[in-house]
1. Once the principal axes of the Cα atoms of the protein assembly as shown are found, what is the range along each, listed largest first in whole angstroms?
2. Return the tail of the calculated pair distribution for region B:25-109, meaning the percent of Cα-Cα pairs more than 15 Å apart.
3. If you take every residue apart from B:ARG37 with its C-beta less than 14 Å away from the C-beta of B:ARG37, what net charge results, scoring Lys and Arg +1 and Asp and Glu -1?
4. Sort A:GLU96, B:GLU5 from largest to smallest accessible area, using a 1.4 Å probe on the heavy atoms of the protein chains.
5. When only C-alpha pairs under 8 Å and at least 6 residues apart count, what is the relative contact order of chain A, in percent?
6. Around B:ASP77, what is the net charge, scoring Lys/Arg as +1 and Asp/Glu as -1 over all other residues with Cβ under 12 Å from its Cβ?
7. Would you kindly derive the ³J(HN,Hα) couplings of region A:41-56 from the backbone phi angles with the Karplus curve 6.51 cos²θ - 1.76 cosθ + 1.60 (θ = phi - 60°), listing them in order in whole Hz, with x for Gly and Pro?
8. May I ask for the accessible area buried between chains B and A, both sides summed, probe 1.4 Å, to the nearest 100 Å²?
Amino acid sequence: DTEVTQTPKHLVMGMTNKKSLKCEQHMGHRAMYWYKQKAKKPPELMFVYSYEKLSINESVPSRFSPECPNSSLLNLHLHALQPEDSALYLCASSQENYEQYFGPGTRLTVT
Amino acid sequence: RKEVEQDPGPFNVPEGATVAFNCTYSNSASQSFFWYRQDCRKEPKLLMSVYSSGNEDGRFTAQLNRASQYISLLIRDSKLSDSATYLCVPLTGRRALTFGSGTRLQVQP
């Protein structure tokens, strides 16, 4: 089973809202990732968690706040987003230095 | 030089054709390579992993040339369902994937 699940599938939020994206995997992977993908562009790495600790933050604005409550769950907390933050947010997981498996993504629209 | 370079295409080929994509990468320390396919408005799906000189899986063959720092993907007997964007992805030492911009393939009946 190589399934990564993400909720919600779609999210529309205003610039003053607070919302959270959720990601879950049950493959025993110890690394989890958040990517952002704009239309017609490749995914861009935002954050990497390894063994539940944040190991990479690609200079992401503080209005995006990741959280890894346990080895199976990854959250992305959103606050005071801008319209240009509208994108597909992808979660992925992997064993160390091996292939990453992606969830279906959350399509976010900021109004 | 970009970390990963791919011809964006589109490659328009008839069903049954053989098509090849190349990808060049700049980080000579990259050890592992992956090809993902991505359908429109969907997530990337792993197509093939390459840890040594190459890999073959059915109609798909990946070849790695470390000396020239490129990796290729060959698709034989193209199907309509192969129409997608193919992303070349080296794994850097810090466990992060660096995606190429992708090559779009359109297989026509």
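1. So the extents along the principal axes, rounded to whole Å, are 51, 37, 36.
2. 57
3. +1
4. Values: A:GLU96 50, B:GLU5 80 Å².
Most to least solvent-accessible, the answer reads B:GLU5, A:GLU96.
5. Values: 281 pairs, mean separation 41.6, N = 111.
Across chain A, relative contact order equals 38 percent.
6. Neighbour charge sum, excluding B:ASP77 itself: +1.
7. Here the 3J(HN,Hα) series is 10, x, x, 10, 5, 10, 9, 10, 10, 10, 6, 6, 10, 5, 10, 9 Hz.
8. The summed interface area works out to 1700 Å².
The values are calculated or read from the model by the stated rules, or taken from the named source; none is laboratory data. Since the model is a prediction, treat every value here as computed from it, not as a measurement. Methodologically, a virtual Cβ is constructed for each residue, glycine included, from the backbone with ideal geometry; neighbour enumeration extends over all protein chains shown. Heavy atoms of the whole protein, side chains included, go into the accessibility calculation; ligands, DNA and RNA do not. Shrake-Rupley method; radii C 1.70, N 1.55, O 1.52, S 1.80 Å.
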